[in-house]
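Undergrad: Take a look at the following structure, please.
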Amino acid sequence: MFIRIAFVAALLLLSACNLSNSPTGGPTETAMPTSAAATGQPLPTALPGVVPLPDSSDGLPTRTPVGAPAANNPLLPTPDAIPTSPTGESAIISSPIQGSVVASGVLQVSGVVIGLARDEFTLVLADAQGRVLNSQLITLQNPNNVDEVPWSAAMTTGPYTGPAEIRIIGQNAQGEDLLLARVSITLGANAGGATTAPLGSARSGSPQGSIISPVNGAIVPGDTVQVSGTAGGIPENQFLLVLVAADGSVINSQIVMLSNDDYTQIVPWAASLGAGGYRGPAEIRAMTTGASQTTFASIQLTLQ
């Protein structure tokens, strides 16, 4: 009896010892893979617009950081683009369009200026070397002080043909010049046999000229008057074109530059004058810019 009890006790002791140790043939734990590349599985296909970063250690696709410009983005500004000035002034030249070929002689230009500190700007025509072929001070009629003001003008180009550029130069409130807009064009041969060759000569210091269009006594509809004529004999090679109301007040005025290597020669010119909403009898005068301001040509017209 004693022997049987001892045998059972020995069996119980062996079972207790075996529970405290791991079986020799049991499963073992393994580390989970940290990436798809570690397990040999294929990487996921990148979505459009999702590219791997160069410093990505595991090659997983990552979106381009916000604010990083894409290469060759056609919407990004080109080096020749003119940004809006810090004080908000800007301009658009709507005609002629960029890259167009325009007959030389009289160039019709139009567009919009936005947020100018002063109701005026300078319109410049330059050749391929940047030499000024013509320039005009454009005075805007803006009695209601609106932000966007349309304008139009006519410029003589002289005999030059080839690449050219039209520029708008404005000023901010501090009087600093700002390049607000520019378009590149090509001035070609005159259309229809038009010419800017001298039409005659004037005595030195004796201004001569005429206003050909509108004709005297014309009735002109609309708010813009297209004016053309001839002038010469002006040492400054420029004159003042003035639109005057019936009561003698100045409606608009503009400096007209003459494309003339010899100021004694009489050459054609053209310009645009805004009427600023005025309706009724008016007068257009061509005057010298000196202290005496001699009027050498004038016409009467009616604006309606």
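Undergrad: In whole Hz, what ³J(HN,Hα) sequence does region 229-240 give by Karplus (6.51, -1.76, 1.60; θ = phi - 60°), x for Gly and Pro?
TA: After applying 6.51 cos²θ - 1.76 cosθ + 1.60, I find x, 9, 7, x, x, 10, x, 6, 6, 7, 8, 9 Hz.
Undergrad: Taking amide H positions as placed 1.01 Å from N in the peptide plane, with prolines and chain starts having none, which residues 5 or more places from N134, or on another chain, fall under 5 Å of its amide H?
TA: Distant-sequence amide H within range of N134: L125.
Undergrad: Obtain the radius of gyration and the Kirkwood radius of region 200-303 from its C-alpha atoms and give Rg over Rh. Show your work: numbers first, answer last.
TA: Numbers: Rg = 13.4 Å, Rh = 13.7 Å.
Rg/Rh: 0.97.
Undergrad: Could you tally the net charge around T157, taking each other residue with its Cβ under 15 Å from the Cβ of T157, Lys/Arg +1 and Asp/Glu -1?
TA: -1
Undergrad: Can you list residues whose amide H is under 5 Å from T289's amide H, if they're 5+ apart or on another chain and H is modeled 1.01 Å from N?
TA: L240
Undergrad: Tabulate in residue order the Karplus-calculated ³J(HN,Hα) for region 111-125, using 6.51 cos²θ - 1.76 cosθ + 1.60 with θ = phi - 60°, rounded to whole Hz; enter x for Gly and Pro.
TA: Result, rounded to whole Hz: x, 9, 10, 10, x, 6, 6, 10, 7, 6, 7, 10, 9, 10, 10.
Undergrad: Return the sequence-ordered ³J(HN,Hα) values of region 94-99 in whole Hz as given by the Karplus equation 6.51 cos²θ - 1.76 cosθ + 1.60 applied to θ = phi - 60°, using x for Gly and Pro.
TA: Values per residue, Gly and Pro as x: 8, 8, x, 7, 4, x Hz.
Undergrad: Across 10 Å bins from 0, what is the distribution of all Cα-Cα pair distances for region 90-193, in whole percents?
TA: 15, 49, 27, 9, 1
Undergrad: Also: Please work out the FRET efficiency for the pair D261 and R118, using the Cβ-Cβ distance as r and a Förster radius of 25 Å; give the result to the nearest 0.05. Could the numbers behind the result be given before it?
TA: On the way: r = 32 Å, r/R0 = 1.28.
The pair D261/R118 has a calculated efficiency of 0.20.
Quick note: the coordinates plus some simple rules give every number you see, no bench work behind them. All figures in this text were calculated on a predicted structure; none of them were measured in a lab. Ideal geometry is used to build each Cβ from the backbone, glycine not excepted, and the neighbour counts take in all protein chains shown.
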